[in-house]
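Novice: Below are the structure tokens for one structure; questions will follow.
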Amino acid sequence: MELRQHVRPGCGRLAPSPTGGLHVGHARTFLVAWLASRREDGPVALRIEDLDATRARPEATAAALVDLRWLGLDWDEGPDVGGPRGPYVQSERRAVYDEALARLKAAERVYPCTCTRADIERAASAPHAEDEGPTYPGTCAHRSAADAPALGDRPFAWRFRVPPGEVGWDDLILGPRSIDPARLGGDFLVGRNGQGPSYQLAVVADDALMGVDRVIRGDDLVPSTPRQLLLYRALGWEPPRFGHVPLVVGPDGRRLAKRDGSIKLATLRERGLDPRRLVGVLARSCGLSDEAAPSAPGDWVDAFDLARLPREPWTASADDWLGSGPFVEPAVSGGNS
Ligand code: GLU
């Protein structure tokens, strides 16, 4: 299989993981990603990141599409509309990932690792801030890719050998960034032998082959970016531009709790909230307006400018979009997931 990259100017993507309901924090990040592409007349691809079989729920895929459409976002390519770079569901893209991994093996950029199961199991999911594990001590780093057959039936994973040095990029939102991946987990997993890729490898292969030229996502994925840049280099692909949207916190300063109905898009939708009201609040939070005027995402395309996005966390207060309407549900506190 040939893995050819054709970058498409302005092409962006929305990449939800179908692991639970989307909340206003996701909505804000997706709105920014969508506006950034539409501002440049670029295509938007919707990709479902369902590789983590232990967390992905089939009904959550359909729900994510409904949530995003309710918000007023659209996409030119995706699992429901097709497109030239499909399939748009990661669990259907195994052949692509296998080929990318084969290239890394052939170039001796990865080695077989027989270390802990838990570490390996976690690798299919995007590592959000709290999931970053300790630095890999290099236990299996003495092996080469060519040593794999000698392991026989022993289960193992493929680990990418991180070269020394800092990896830098000019973040579209946070400005110049430089991180040494060796100090951030070190050699990282790219796949389990015979069982599919890690998040890091899948997302790089997908963004490259879908022609994405700008990745906008939450800033809890900043630590993934240097790893992904190393993979782009190792695979001979041009990296996209990256922009990381600052975190959303609740009025208590803590990460939004997904269980809180007042922030979950599905709950807001079912209770009859006018999505234009939420979009107005989000647009204001992105520095596009001083007021939260009810509006559709498309109303902000001309005014959109990433430079106006505040670099501090956004404090989301449900009162802003709920007001005192009849659908108000008391906020359920607790949980920080
Ligand atoms: N699917 C990932 C998540 O929902 C996002 C990955 C990315 O944007 O690179 O956490």
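Values in this text are rule-based calculations from the coordinates and carry no lab data. Computed from a predicted structure; not experimentally measured. Backbone-built Cβ (ideal geometry, glycine too); neighbour counts: all protein chains shown.
Novice: To the nearest whole percent, what portion of all C-alpha pairs in the range 37-90 is separated by more than 18 angstrom?
Specialist: Considering the range 37-90, 36 percent of its Cα-Cα pairs are separated by more than 18 Å.
Novice: Here's another thing I want to ask about it. Which one of 307, 196, 22 has its Cα pushed farthest toward the positive end of the charge dipole of the chain, where Lys and Arg give +1 and Asp and Glu give -1 at the Cβ?
Specialist: Final value for the positive-end residue is 196.
Novice: If you keep only loop residues by DSSP, which trypsin sites (Lys or Arg not before Pro) in the range 19-93 have at most 15 other Cβ atoms within 10 Å of their Cβ?
Specialist: 55
Novice: Output the peptides 154-161, 165-172 sorted from most to least packed, where packing is the average of other Cβ atoms within 10 Å over each peptide's residues.
Specialist: 154-161, 165-172
Novice: In square nanometres, what is one fourth of the surface area of the convex hull spanned by the alpha carbons of the chain?
Specialist: Computing the convex hull of the Cα atoms and averaging its projections yields 16.7 nm².
Novice: Next up: For a footprinting-style exposure proxy, rank 199, 136 by other Cβ within 10 Å, fewest first.
Specialist: Ordered from fewest to most neighbouring Cβ atoms within 10 Å, 199, 136 come out as 136, 199.
Novice: Determine, for each peptide in 139-146, 107-114, the mean count of other beta carbons within 10 angstrom over its residues, then list the peptides with the highest first.
Specialist: Going from most to least packed, we get 107-114, 139-146.
Novice: Same structure, new question: Can you tell me what share of the DSSP beta bridges in the chain is antiparallel? A percent to the nearest 5 is fine.
Specialist: 60
Novice: Across every pair of different alpha-carbon atoms, what Kirkwood hydrodynamic radius in Å does the range 53-150 reach?
Specialist: Hydrodynamic radius (Kirkwood, Cα only) of the range 53-150 equals 17.0 Å.
Novice: Follow-up. So what's the range 110-186 giving for Cα Rg divided by 2.2 N^0.38 Å, two decimals?
Specialist: My calculation over the Cα atoms of the range 110-186 gives 1.30.
Novice: Determine, at each q value in 0.18, 0.19 (inverse angstroms), the log₁₀ of I(q)/I(0) that the Debye formula gives when each Cα of the range 1-72 is one equal point scatterer.
Specialist: -0.76, -0.82
Novice: Follow-up. Using only Cα atoms, what is the ratio of the radius of gyration of the range 216-291 to 2.2 N^0.38 Å?
Specialist: Normalised Rg, Cα atoms only: 1.49.
Novice: In the chain, which Cys residues have no partner Cys with a Cβ closer than 4.7 Å?
Specialist: Cysteines of the chain left without a disulfide-compatible partner: 11, 115, 286.
Novice: A further question follows. Hey, got the Cα dimensions of the range 1-127 along the principal axes, in Å, largest first?
Specialist: Largest first, the range 1-127 extends 46, 32, 21 Å along its Cα principal axes.
Novice: Now a separate question. Of all DSSP beta bridges in the range 134-292, what percent run antiparallel (nearest 5)?
Specialist: 70
Novice: Helix-only mean residue ellipticity at 222 nm, the chain, DSSP H runs n ≥ 4 weighted -39,500 (n - 2.57), per residue, nearest 500. What is it?
Specialist: Here the helix-only value at 222 nm equals -8000 deg cm²/dmol.
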